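Below is one structure, written out as structure tokens; comments come after it.
The values are calculated or read from the model by the stated rules, or taken from the named source; none is laboratory data. Everything quoted here is computed from the prediction, not taken from an experiment. Cβ coordinates were reconstructed from backbone atoms using ideal geometry, including for glycine residues, and neighbour counts include every protein chain displayed.
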Amino acid sequence: MYRILIVDDEPFIVGGLASLCADAEHLELEIYTAASSAQAMEWLRRVKIDIVLSDIKMPGLNGLMLQKEIEKQWPHCKVIFLTGYDDFDYIQEAFRAGSVDYILKTEGNDTVLLALERTLQLLDEERAMDSVLERAAEQTKKALPYLQKQYLMDLLEGDSVALKDLKRWFAEVEMELRFDRPCMLLICRVDQFRENTPTSRSLYLYMIQNVVEELLSPSISLMHLEYDRSKIVWLLQVKHDSSLEEDSKEQVQERAMRFIHGTLEQIQQVCKTLDHLKISLAAASEWVDWGQLPYSFERLKLLLSSGLGIGEESLLTGNPQQQTANEKDKPERMQLSEKRLNMLRSCLDNGEREDFDYTLSHMLSTSFRAEQTDHLFNMMLYYRLVSLYLPYISSIETYSARENGHLVDLDKLTRHDGHGSWNEAADYLQELTAVIFSTQEKGKDEQQHEVIKKVKLLIDEHLSGDLSLTHIGEAVGHNPSYLSRLYKQVTGEGLSEAINSARLGKAKQLLQETNDKVHEIAAAVGFVSPPYFYRFFKKATGITPQEYREMINT
């Protein structure tokens, strides 16, 4: 729906044009009126206008001057001028000022409607081919490398949303790897920068990326991600080679693994020769599915940050079978990552219960497996989740109030040892989640119904006044478009339909209970012109206002 502002210093013309536009339902226009340029400017400051239908000759700020102000505020707005002066020079100036069309006042309603239809078609075409959308598409293309890197980090950190629908996400960010093939990881750490400035570090990391990709790309597909200032991680996949189809998948993967491990020393030597860079490399020794990637990443980081990994120019390959029991438990700690906790916080903020439950269940199920071996981990996880919940619990009216049958007890909440077992503690956290989301939903429903109540009261009390979406939005403190959608969502009835229904009901009441003239009743229920009221009433009831009065009083 587009918004039109009708401007003329003759009220009769304004009313007639407003009625004409309202009757032309196929145009789907939201109508605003102004009896002067000053009133028009007030509307233009309050709401985005798409079309201005204006008299070209008005006292004070004439149509051409108004058009210049329109261009400053709403540059995409289209202006149609009405004039009783068949003056070529004047009209020529209007076109130079950017007017889309002009109409002589003597040309009649059909000409006005044709001009509006042309203008709406032009707006539709501009919206479809909007340069803003084209620029957005271009910017999205330019942003693809960033989006890919962000998605890679989400995968490495075990983001549940990133892992949910790999096929769709890989297509959306145009990943160079395959979602349906396993991958392996390679991490590089720069042990010593020859120069340690932000610019030089970036150049060194760029050089290392080029070396690795040059040496591995003949048989490996790869994507990289920089992290921790001095580290790069690559995700590697075997390139498809039709000449190797007689080999089994395992044979192809084993050969690729040998190639990667065998090339590590050459990568290290080339970097040292080119720019005296000392680097350490750690490569995984297993191909993993995407769901297992976060665990492989944690194991490989641990390999590079303990034992031999802390020395300079290390060359390591990760073998899970050779890890200590403590090292095997280390990937579980990723469940405490800020990434996951921030994801849960975001879900709480946005009321996204399904994603919250999915992530929380995954975190808690990991803890079930670790219960017998890592009590400290479970306790850390419990209190991190409690700290996440506290701000939301404080919004519940009282801590002793029951929500959906669950008691929010602060003493129980803040004592990990107050639960009989970790399973009981985990169950309690999940029940608490239900309380929080239930309370949020209840608060949302209450606020929505409070807004709807205010809107209905405003309609009832201001039937003879301004009931435009803009005015109603300003009165209740909400964006007009959002308010219209909310009203429809909650009541099942469009806001415009509700206003018309209220006006019709009041008009019927006045026709039945008073002796007011029809034009007085029209004004009392907010119609700018009696003819428009007649057409509205007859369309709604099938009879004229006078016929309705006579029928009721007989």
Requested in this report: Among the residues of the range 12-42, write down those that are buried (at least 19 other Cβ atoms within 10 Å of the Cβ) and within 37 Å of the chain's Cα centre (by Cα).
Outcome: ALA18, CYS21, LEU27, LEU29, GLU30, TYR32, THR33, ALA34, ALA40
Report task. Among what's in the range 498-524 and is crowded, with 16+ Cβ neighbours inside 10 Å and of a type in the set (Lys, Arg), pick the residue that is nearest to VAL451 (Cα to Cα). Result -> ARG503
Query raised in the report: Restricting attention to the range 440-497, which residues are assigned to a loop (DSSP other than H, G, I, E, B) and surrounded by 12 or more Cβ atoms within 10 Å (Cβ to Cβ)?
Result: HIS462, LEU463, SER464, ASP466, LEU467, SER468, HIS478, ASN479, GLY494
Report summary line: Of the candidates SER230, SER219, the one satisfying the condition of being surrounded by 12 or more Cβ atoms within 10 Å (Cβ to Cβ) and more than 20 Å from LEU304 (Cα to Cα) is SER219
Query raised in the report: If you take the residues in the range 349-364 that are of a type in the set (D, E, K, R) and in a helix (DSSP H, G or I), which one is farthest from LEU385 (Cα to Cα)?
Result: GLU354
Query raised in the report: Just wondering, is there one or more residues in the range 223-232 that are β-branched (Val, Ile, Thr), at pLDDT 90 or above and within 24 Å of LYS142 (Cα to Cα)?
Result: yes
Report summary line: Pairs returned, first residue in the range 265-278 that is closer than 15 Å to LEU205 by Cβ, second residue that is polar (S, T, N, Q) and surrounded by fewer than 15 Cβ atoms within 10 Å (Cβ to Cβ), beta-carbon separation under 7 angstrom, 6 or more apart or interchain, are LYS278/GLN192
Query - Those residues of the range 451-471 which are farther than 18 Å from ARG485 by Cα and of a type in the set (Gly, Ala, Ser), in sequence order - result: SER464, GLY465
Query raised in the report: For the range 431-438, does any single residue satisfy the condition of being closer than 21 Å to SER387 by Cβ, over 27 Å from the mean Cα position of the chain (by Cα) and not assigned by TED's automatic domain parsing to the domain that holds LEU44?
Result: yes
**Report entry** Out of ALA136, ALA171, sole residue that is among the hydrophobic types (A, V, I, L, M, F, W, C) and at pLDDT 85 or above
**Finding:** ALA171
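Within the range 501-554, take every residue that is of a type in the set (Phe, Trp, Tyr), closer than 30 Å to ASP8 by Cβ and touching a Ser or Thr at 6+ places or on another chain (Cβ under 7 Å) and give me the one that is modelled with the lowest pLDDT. So that I can check it myself, show each step before the final result.
Taking the range 501-554 and keeping what is of a type in the set (Phe, Trp, Tyr), we get 527, 532-534, 536-537, 548.
Now drop any that are not closer than 30 Å to ASP8 by Cβ, which leaves 527, 532-534, 536-537.
With the extra rule that they be touching a Ser or Thr at 6+ places or on another chain (Cβ under 7 Å), the set shrinks to 532, 534, 537.
Numbers: TYR532: 83, TYR534: 88, PHE537: 93.
Taking the candidates together, the pick is TYR532.
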Query raised in the report: Which one of GLU265, GLU254, GLU298, GLU250 is among the acidic types (Asp, Glu) and under 30 Å from LEU144 (Cβ atoms)?
Result: GLU298
Query - From ILE436, ILE499, ILE452, ILE459, residue being in contact with a Leu (Cβ under 6 Å, 6 or more places away or on another chain), β-branched (Val, Ile, Thr) and touching a residue at least 12 places away in the same chain (Cβ under 8 Å) - result: ILE499
Report task. Mind listing whichever residues of the range 20-70 are among the hydroxyl-bearing types (Ser, Thr, Tyr) and more than 10 Å from LEU5 (Cα to Cα)? Result -> SER36, SER37
Query - Single residue of VAL47, VAL14 found to be touching a residue at least 60 places away in the same chain (Cβ under 8 Å) and touching a Lys or Arg at 6+ places or on another chain (Cβ under 8 Å) - result: VAL47
Requested in this report: Scan LEU152, LEU177, LEU120 and give me the residue that is at pLDDT 90 or above and outside any helix (DSSP H, G or I).
Outcome: LEU177
**Report entry** Check on ILE393, in the same structural domain as LEU364 (by TED's automatic domain parsing) and modelled with pLDDT under 80
**Finding:** yes
Query raised in the report: Given the conditions (1) modelled with pLDDT under 85; (2) in a helix (DSSP H, G or I), which single one is not true for THR373?
Result: (2)
